[in-house]
Every structure is written in structure tokens, then in C-alpha cells.
Amino acid sequence: MHASTPKSTPTSRGATHVDRYIGLKIRLRRRQLGLSQDALAQAVGVRFQQLQKYESGANRVSASRLFEIARALRAPAGFFFEGVDQADARLFCGQDSPIGALLGTPDGVDVALSFSHIRSPRVRRRLLAMMRALADETGD
């Protein structure tokens, strides 16, 4: 591989921001359904460590494996690509991304899922204000 080839090119061997985005979508859907990594791994015929690698974007998911994962998660395969064109996936899944950092933790996934279920814009704004105040107080 030529030294100037960007990491996100199809010829690159390493995972790309799109691989991390797909992994994130797998994790979110699995958590949304209340499935453990072990349960999903068993359903698709891999070890849970392999599923962890898929979810983190460390390993790419093949098309056939993604099809099996989609079936186990009761989602169309296209679900895992939704939004990747509209938003730069690096903003969501980059290693230095605040969103990637949030969703890279079990608590962060729970926060995101819980926040998405709050219907009232007023309650969402109040919760956000509280979170900002807590972050300011802790110096983060």
C-alpha cells in the first residue's frame, strides 16, 4: 500500500470510520432490544469476543455476517448504513469524537437510548442543562 493512501479507502486493511459506524449501529440496536453480546454472538454463530470487535469497529463485518446480524436484530440490513451518507461518520465514530466516546461506553449507550425516549422538548432541555452544569462542576 502506498504511504499516502488514506485510511478510509477500500484498499486499506484497517477498519474505517464506516466500519466503526456500522459497529455502533449494531451495538445500539442490540442494546435497544436488551440482548447481551453473548446472546447475539450465539445467534449469529460467533464468539462474543468477535462480536465485541464488530461493535467497536476493530474488525469489519462481512456482508453475509451483517445479514445474519440484521436478521438476529430484527432489522433490515440497510439499517446499519442509514445516516452514514448524511453525516460524516468520523464525527460520530472517530476515536477523538465526543459522540464516539459517549457511545463507546455502556452507560453512554444507556444515556442515548433513554434520552431518545423522552418526548418532551422541555424535559430534554432541562436534562441537557443539568448535564452541562454537572460537567462544568466536575471540570470536564
At GLN32 and ALA77, where each label point lies 7 Å from the Cα along Cα→Cβ, what is the point-to-point distance in nanometres?
1.9
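Scan segment 11-58 for trypsin sites (Lys or Arg not before Pro) in coil per DSSP, keeping those whose Cβ has at most 13 other Cβ atoms within 10 Å, and list them by number. Let's see the in-between values first.
Details: sites: ARG13, ARG20, LYS25, ARG27, ARG29, ARG30, ARG31, ARG47, LYS53; in loops: ARG13, ARG47.
Qualifying residues, ordered by number: ARG13, ARG47.
Every read-out reported here was derived from the displayed coordinates using simple, explicitly stated rules and does not represent laboratory data. Nothing here was measured: the structure is a model prediction, and the numbers come from that model. Because the Cβ atoms are built from the backbone with ideal geometry, glycine has one as well, and the counts that use them run over all protein chains shown.
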